[in-house]
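Below: the structure, in structure tokens.
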């Protein structure tokens, strides 16, 4: 029988004021039609990555979501509004988040 691996998004959650997106993806291993293994990977996406230079100036770089599943991209594009992005930048700078 043939063994197949398939990545399946099991859960997408939008959490918090800054609309971080949590993605749970299962790697499903099947022999024929019988599932013989499964493992879960999780990752979190925020609207930006932020950095502060030696002069104290902040740079916020949009998170690249082009490699994400289309459903994750659609959710990010819907919830990461200009208001949410501005709030996230302010929060990151006041918290010193890098």
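Values in this text are rule-based calculations from the coordinates and carry no lab data. Treat the numbers as computed from the prediction; the structure is a model and nothing was measured. Ideal geometry is used to build each Cβ from the backbone, glycine not excepted, and the neighbour counts take in all protein chains shown.
The table that follows gives values for the structure above.
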item: Cα-based helix-to-principal-axis angle, 82-95 vs the chain, degrees rounded to 10; result: 70
item: Stretch gain in nm, segment residue 44-residue 11, where the contour uses 0.36 nm per residue and the Cα spacing is subtracted; result: 10.7 nm
item: Using a Förster distance of 35 Å, the FRET efficiency for residue 91-residue 33 (Cβ separation, nearest 0.05); result: 0.15
item: Sequence-separation-based contact order of the chain, relative, with Cα cut under 8 Å and 6+ spacing, percent; result: 23
item: 222 nm mean residue ellipticity, helices alone, for the chain (DSSP H n ≥ 4; -39,500 (n - 2.57); rounded to 500); result: -7500 deg cm²/dmol
item: Answer label, with Cα extents along the principal axes in Å calculated from the coordinates and candidates [x] 56, 25, 20; [y] 61, 28, 20; [z] 61, 33, 28; result: [y]
item: Angle between the chain longest axis and helix 70-79 axis [Cα atoms, degrees, rounded to 10]; result: 30
item: FRET efficiency, residue 82 to residue 24 (Cβ-Cβ, R0 35 Å, nearest 0.05); result: 0.80
